[in-house]
Structures are given as structure tokens and as C-alpha cells.
Amino acid sequence: MIRSRPFAALLLASLTYGPTAMAQANSDASKDLVPTGKLRAAINLGNSVLAQSGPDGPKGVTVDLARELGKRLSVPVELITYDAAGTVFDDAKNNTWDIAFVA
């Protein structure tokens, strides 16, 4: 019975402080990853496995990933489209995007 007390205390602490710690981690990640207040995602339309043009804008797995990351960070997402991976790399030095997906 004595051994279960530390475990119970640890469990109680994690349940009590877990959401606060998670919110703090998201806040810190947002500051580092999204300095402009919005997640700017480079979307490579030159690789149809990653993304495709659609009538309502880009679509595909990388678009879905960018939107989910924005949702988890609680920030808006701006999709910046490119025709080829090389132009995505070229823009890396210009601080045009925060995340990129290339293959």
C-alpha cells in the first residue's frame, strides 16, 4: 500500500497540471514556429503526391497537415503555393514560410 501512494500522487499531479503543461508547450511552440501570428506553409504543387490545385484552392496531404498543425497551435494558416521544390528551397532564405513539405 505504501508503494501506491507515490503513484497516486503522481497520477493526481499529472491530471491536475497536465492540461496546463500542454497549453504552455503549445504556447512555446507557437512563439517559435509562428513568429508572425499565422502559420505560413509552403505547399509544393509540383509534386501531386504532396498537393494538388483545386477549384477552392490547394488540397492534398500537405494542405491537411498544415491545417491540422495550425489548428493544434490555435493559429490561422496561410498556404503559399509553389510550382516546384526548388522554388520552395529558394524562398527559405527569404523568410517567406514557416513550414514546408518537400519530397
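Couple of notes before you dig in:
- Any hit, the range 34-41, residues being open to solvent by less than 90 Å² (accessible area, probe 1.4 Å), outside any helix (DSSP H, G or I), at pLDDT 95 or above and of a type outside the set (D, E, K, R): yes
- Selected residue (only one of Leu65, Leu12 is surrounded by fewer than 17 Cβ atoms within 10 Å (Cβ to Cβ), assigned to a helix (DSSP H, G or I) and modelled with pLDDT under 95): Leu12
- Residues in the range 68-103 that are more than 10 Å from Ala41 (Cα to Cα), touching a residue at least 24 places away in the same chain (Cβ under 8 Å) and either in contact with a helix residue (DSSP H, G or I) (Cβ under 6 Å, 6 or more places away or on another chain) or in a loop (DSSP other than H, G, I, E, B) (or both): Leu73, Ser74, Val75, Pro76, Tyr82, Asp83, Ala84, Val102, Ala103.
The values are calculated or read from the model by the stated rules, or taken from the named source; none is laboratory data. Remember, it's a predicted structure, so these values are computed and weren't measured experimentally. Heads up, the Cβs are rebuilt from the backbone with ideal geometry, glycines too, and the neighbour counts pull from every protein chain shown. For accessibility, only protein heavy atoms count, side chains too; no ligands or nucleic acids. Shrake-Rupley method; radii C 1.70, N 1.55, O 1.52, S 1.80 Å.
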